[in-house]
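These notes are about the structure you will find just below.
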Amino acid sequence: MPTYEKILLKKMEQPGYTGTLPEYLAAGGYEAVRSVLGKVPPAEVIERVKRSGLRGRGGAGFPTGLKWGFVPKDAGVPKYLLCNADESEPGTFKDRQLIERDPHQLLEGMILAAYAIGCHHSYIYVRGELVYGATVLARALAEARAEGFIGKNPLGSGYDLEITLHRGAGAYICGEETALIESLEGKKGLPRIRPPFPAVKGLYQCPTVVNNVETLCNLPHILTRGPDWYASIGTEKSKGTRIFSVSGHVNKPGNYELPLTVTLRELLTENAGGVSGGRALKAVIPGGCSAPVLTPQHLDVGMDFESLAAAGSMGGSGGVIVMAEGSCMVKVGEVVARFFHHESCGQCTQCREGTAWLHKVLARIERGGGRREDLALLLDVCDNMIGKTICVLSDAAALPVASYVRYFRDEFEAHVRERRCPLAA
């Protein structure tokens with residue numbers, strides 16, 4: 001066994017680790033599997049998840065039960081469930097904590113989802129950098145298999161399921177579900193043109209469902225407590241709770257699981273302890289760095305999918321990045337653009353060239369070499385990137401930059417006019 005794996009396994013023996021099977025069983029774990037497998041028809045499981053109103057927590061917020069319902073009932077070929085654990089969106093670290101601290105909750109959710117869609121071989125695609133998380137998952141899989149929750153005829157249900165752990169190689173684009181499928185097949189992680197959608201032709205051209213870690217972790221609770229219980233939490237269209245990863249200039253950064261009725265103000269002041277250093281709030285990215293920025297005028301916006309969309313942003317991955325007064329938004333734009341330029345797969349011209357142009361122009365402005373026409377150029381490049389590519393990475397790069405220029409144009413103009421950052425000491 002490699003030395004680093006021995007170190008990680010030793011880490012799991014330290015006080016405070018809560019991911020073991022005995023601890024999970026003592027907390028009521030796998031009760032949903034016991035009550036569902038072989039006892040509740042798969043179609044009824046799908047119907048319960050639909051009634052709960054659960055929506056994907058990976059970014060798009062698509063209704064989970066509806067997504068499952070697209071899988072053909074009698075396809076005549078294998079069906080696959082893929083757990084998207086390739087959490088790579090800057091500012092987002094919720095799935096990592098779920099994996100490292102409660103891996104059996106994820107495995108139970110996967111068993112339930114696989115049973116619902118008729119899948120007999122499921123995969124966890126975990127981000128390559130999550131070495132400790134992958135080690136935790138490998139141990140949890142061994143525990144669940146030894147206890148009879150995974151494998152041939154678990155719990156005498158007459159249903160077989162195998163789960164395979166697959167580590168990615170650190171490509172942000174593989175968080176996009178079709179690029180993830182391509183990578184899992186051993187090919188370069190390039191997004192596919194759709195249709196056909198994965199539910200019809202996904203992994204190995206077979207019906208496939210791709211669900212995010214947090215999405216799957218909701219399932220044991222929905223199927224134990226009932227869909228009506230879950231639907232009673234949140235808003236009319238955004239049900240349940242959500243884990244918000246709060247970072248940046250706050251007194252108490254961390255993961256906060258809250259009902260989707262929470263507002264941005266409540267999240268930042270009552271949970272994250274307010275802006276650090278007693279400074280005023282300048283900007284908030286509410287859903288990972290691919291989400292357009294919000295400002296103090298948006299503090300009372302709800303953190304549900306619809307309210308954030310109405311405010312001109314999105315819930316995305318739930319990564320909330322807080323910036324206090326004194327933060328340079330041109331520098332923020334340059335850093336974000338640099339990331340997307342580096343992570344673009346290059347398949348689409350608009351994204352390959354557009355991300356390069358955005359970073360080039362923003363870096364020029366940041367260095368003090370900006371021109372008056374650069375702001376119009378930035379917005380023109382953004383316009384040519386949005387909605388014109390195979391996947392949404394191009395949009396994810398352009399929408400934030402356009403929002404920085406929209407809300408902080410004076411700051412961009414000052415950089416150009418003074419040929420330096422006016423916020424620099």
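Given bins 10 angstrom wide, list per bin the percent of all Cα-Cα distances in the stretch 329-418, short to long.
20, 55, 22, 3
Karplus couplings for the stretch 92-99 from phi (6.51 cos²θ - 1.76 cosθ + 1.60, θ = phi - 60°), rounded to Hz, Gly and Pro as x?
Per residue, the Karplus-derived 3J(HN,Hα) values read 10, 8, 6, 4, 4, 5, 4, 5 Hz.
Carbon and sulfur atoms: what percent of the 1.4 Å accessible area of the chain do they account for?
Numbers: 9490 of 17630 Å².
C and S fraction of accessible area: 54 percent.
For the stretch 11-231, what does the accessible surface come to per residue with a 1.4 Å probe? Please give it in Å².
Value returned for the stretch 11-231: 39 Å² of accessible area per residue.
Once the Cα atoms of helix 213-225 and of the chain are each reduced to a long axis, what angle between those two axes, in degrees from 0 to 90 to the nearest 10, is obtained?
Helix 213-225 sits roughly 50 degrees off the main axis of the chain.
So, in Å, what gap is there between the alpha-carbon centers of the stretch 195-274 and the stretch 31-90?
14
Which of the aspartates and glutamates could be linked to Lys73 by a straight reach, that is with a Cα gap under 18 Å, when you skip same-chain ones fewer than 8 residues away?
Qualifying aspartates and glutamates at Cα under 18 Å: Glu44, Glu47, Asp160.
What residues qualify as long-range amide H neighbours of Asn212, i.e. H under 5 Å apart, gap of 5 or more or another chain, H built at 1.01 Å from N?
Arg57, Gly58, Asn84
Pairs Lys50/Lys201; Lys50/Lys152; Lys188/Lys239; Lys201/Lys331; Lys187/Lys388; Lys39/Lys79: which exceed 32 Å Cα-Cα?
Table pairs above 32 Å Cα-Cα are Lys188/Lys239; Lys201/Lys331.
Indicate the gyration tensor shape class of the stretch 199-259 (rounded, prolate or oblate), computed on the Cα atoms with a ≥ b ≥ c the square roots of the eigenvalues: a/c under 1.5 is rounded; otherwise a/b larger than b/c is prolate and the rest oblate. Before the final figure, lay out each step's value.
Values: a/c = 2.76, a/b = 1.40, b/c = 1.97.
Here the stretch 199-259 falls in the oblate category.
Determine the relative contact order of the stretch 277-425: mean sequence separation of Cα pairs under 8 Å and six or more apart, normalised by residue count, in whole percent. Could you put the intermediate results ahead of the total?
Values: 234 pairs, mean separation 38.0, N = 149.
Across the stretch 277-425, relative contact order equals 25 percent.
Check Gly248: other-chain or 5+ apart residues with amide H under 5 Å from its amide H, H built from backbone geometry?
When sequence neighbours closer than 5 places are left aside, the close amide H contacts are Val322.
Among the trypsin sites (Lys or Arg not before Pro) in the stretch 176-278, which ones are in a DSSP loop with at most 13 other Cβ atoms within 10 Å of the Cβ? Mind listing them?
Listed in order of number, the matching sites are Lys187, Lys188.
For the stretch 243-324, with every protein chain kept in place, what is the accessible area per residue (1.4 Å probe, Å²)? Please report the intermediate quantities before stating the final value.
On the way: 2690 Å² over 82 residues.
Value for the stretch 243-324: 33 Å² per residue.
The values are calculated or read from the model by the stated rules, or taken from the named source; none is laboratory data. No experiment lies behind these values; they were computed from the predicted model shown. Quick reminder, even Gly has a Cβ in these numbers, built from the backbone with ideal geometry, and neighbours come from all protein chains shown. These accessible areas exclude ligands, DNA and RNA; they are computed on the full protein's heavy atoms, side chains included. Shrake-Rupley method; radii C 1.70, N 1.55, O 1.52, S 1.80 Å.
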